[in-house]
Amino acid sequence: MQFGNNDTCANYSVPHQYDQHGVFVSYNVICIVSSLMSICGALYQLTPRLPRRPPRGRTELESMLRQNVIICLLAISDLLASVGVYDHVLMNFVSVYFSHRHLIFHHYQ
């Protein structure tokens, strides 16, 4: 199967929107949406919350603090990864959109 500018959908005269590597654009949209959801989840994990009950001793307090630090570090790493994926896929999506828009514009003139 060849991906090119002459591929058309069966029901529409609009060309398939593939990027330069042959990846369908809807995949990029799904990546953008899932990255945004992951960013929101990471930001939610980073919001400060009060404990459900006070710790009963020093060891429980240290354990709770250690758990909070681990959760915050995991949320930060998830946030950075999601922002990286979002940035990469969004730039790819924008470049594909404008390249196909340019081709479609010249096709109808």
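Give the residues of region 26-74 that are among the aliphatic types (A, V, I, L, M) and in contact with an Asp or Glu (Cβ under 7 Å, 6 or more places away or on another chain), sorted by residue number. The answer is Ala42, and nothing else. Among residues belonging to region 27-63 that are under 22 Å from Val83 (Cβ atoms), surrounded by fewer than 16 Cβ atoms within 10 Å (Cβ to Cβ) and of a type in the set (Gly, Ala, Ser), point out the one that is modelled with the lowest pLDDT. Restricting to residues being under 22 Å from Val83 (Cβ atoms), surrounded by fewer than 16 Cβ atoms within 10 Å (Cβ to Cβ) and of a type in the set (Gly, Ala, Ser), the top hit is Ser34. Of everything in region 78-109 that is touching a Ser or Thr at 6+ places or on another chain (Cβ under 6 Å) and hydroxyl-bearing (Ser, Thr, Tyr), the residue that is modelled with the lowest pLDDT is Tyr86.
Of the residues making up region 78-92, not one is under 9 Å from Ala42 (Cα atoms) and surrounded by fewer than 13 Cβ atoms within 10 Å (Cβ to Cβ).
The values are calculated or read from the model by the stated rules, or taken from the named source; none is laboratory data. The structure displayed is predicted, hence computed values, not measured ones. Every residue, glycine as well, gets a Cβ built from its backbone with ideal geometry; the counts of neighbours run over all protein chains shown.
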